[in-house]
Amino acid sequence: MKLQVPFLQLPISFDATALAAEIDALGEASWQPHPQGFAGNSAIPLVAPDGDPSSEAVSGPMRPTPELLACPLLMQTMAAIGGVWGRSRLMRLSGNAEVQAHVDIDYYWRDHVRVHVPIVTQPEVRFECGDAAVNMAAGECWLFDTWSRHRVVNSAERSRTHLVADTVGGPGFWNLVAGARVPEGAPPGWQAHRVAFEAGAKPTLQVESTNVPIVMSPWEVKEHLTFVLDDCLPHPRLGEVHQLIGHFARHWRALWAEYGESPSGFPAYRAALEQLLTTLREMANGIILENRTPLIAAIRRLVIDVAVNERGNDTMADERSSLNAGGGPAM
């Protein structure tokens, strides 16, 4: 999600030592290599479609994995943050490794906030976002602007482990955000409240059941397109692109009125999306957003690739979206 600032620290904290002991009890066999093969990155899935730890999809009914159900303190941590949870994991970055600079532009990231709770860390771990950088201390709770270019560097010998949980918000979450601080300073009297764990308690977590439309409504299409157009840097052909997008949005509205989510409309929807992509390739080449993402790549990830979901609940989120026109994984 695009935030107004690079980082926010929520006014809540946790016993990182107790969380680390709970994670250690899961054993090394629970850790999986990063699905895109990035060196030094591994994870333990905590919330996944149908609770399946082998799934990296971000759509479908989300459920706790067996690993999360075995960790009551992690469950209490997520419950205290108060989100409705999408895909969530423990993420480990080995010593002398990094998460390469990237921008998260997939549909999934448009409305999901990524929450970090450092569990095992050290002062040498640096999280960079835009022009800002912080060291997230153990037990703290942080959000960051996934729409900006960001990376993580662990220059220490020890590995770093974070709870990394994705949410669209939920009960209590936005109240915590309202009381957050920026790294440059805090209001007078600000402090992070330490959550007291309750031995053995396993709260019921709020998780997503609906997250990807069968066919994107015209109102959602218009909202995403307006969002990326407003983020564009000046360009001589930007006016023409605005006209093109307006025409497409009106066309989509007419198709929706005729077909709604009926599969009989899928060919017409796909044809409209293909025509939009073809024309954008001719007209929008060289137009980029403030985060250095090509406009075409952003529209593909937010609308064209996901506006008709006829393949079922297998939508993925590429966490290393490229800054080049192809929109593939960063190298």
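Once all Cα-Cα distances of the chain are split into 10 Å bins that start at 0, what whole-number percent is in each one?
Bins of 10 Å from zero give 5, 25, 33, 23, 11, 3, 0 percent of pairs.
Just want to confirm a number: the relative contact order over the stretch 78-226, from Cα pairs under 8 angstrom separated by 6+ residues, in percent. All intermediate terms of the calculation are to be shown ahead of the outcome.
Details: 241 pairs, mean separation 52.4, N = 149.
Relative contact order comes out at 35 percent.
Taking K and R as +1 and D and E as -1, what net charge do the other residues with C-beta under 12 Å from the C-beta of Leu26 add up to?
Numbers: positive: Arg92; negative: Glu22, Asp24, Glu28, Glu67.
For residues surrounding Leu26, the net value is -3.
Run the simple label-point estimate for Gln4 and Ala257 please: 7 Å along Cα→C-beta, distance reported in nm.
3.7
Return the carbon/sulfur percentage of the accessible area of the chain, one whole number, probe 1.4 Å, all protein chains in place.
Working: 7570 of 14280 Å².
About 53 percent, which is the carbon plus sulfur part of the accessible surface.
Compute the acute angle (0 to 90°) between the alpha-carbon long axis of helix 72-81 and the principal axis of greatest extent of the alpha-carbon atoms of the chain; round to the nearest 10°.
50
How far apart, in nm, are the 7 Å Cα→Cβ label points at Gln100 and Glu274?
Simple spin-label model gives 3.2 nm for this pair.
Can you pull the one-decimal nm distance between simple spin-label points at Trp31 and Ser264, each 7 Å off the Cα toward Cβ?
Spacing of the two 7 Å Cα→Cβ label points: 5.5 nm.
How far is helix 238-259 tilted, in degrees, relative to the longest principal axis of the Cα atoms in the chain, given as a value from 0 to 90 rounded to the nearest 10?
90
State in Å² the accessible area per residue of the chain; use a 1.4 Å probe, count heavy atoms of protein chains only, and round to the nearest integer. If you can, show how the numbers build up before the last one.
On the way: 14280 Å² over 331 residues.
Per residue, the chain has 43 Å² of solvent-accessible surface.
Provide the net charge surrounding Leu233, with neighbours chosen by a C-beta distance below 10 Å and charges set as Lys +1, Arg +1, Asp -1, Glu -1.
That works out to -1.
Pairwise over distinct Cα atoms, reciprocal of the mean inverse distance: report the Kirkwood radius of the stretch 165-260 in Å, one decimal place. Kindly include the intermediate steps, with their values, before the conclusion.
On the way: mean 1/r = 0.0539 Å⁻¹.
Kirkwood radius, the stretch 165-260: 18.5 Å.
Indicate the gyration tensor shape class of the stretch 3-42 (rounded, prolate or oblate), computed on the Cα atoms with a ≥ b ≥ c the square roots of the eigenvalues: a/c under 1.5 is rounded; otherwise a/b larger than b/c is prolate and the rest oblate.
Oblate.
The values are calculated or read from the model by the stated rules, or taken from the named source; none is laboratory data. These numbers were taken from a predicted model, which means no experiment stands behind them. FYI the Cβ positions are ideal-geometry reconstructions off the backbone, even for glycines, and counts take in every protein chain you see. Accessible surface areas use protein heavy atoms only, side chains included; no ligands, DNA or RNA. Shrake-Rupley method; radii C 1.70, N 1.55, O 1.52, S 1.80 Å.
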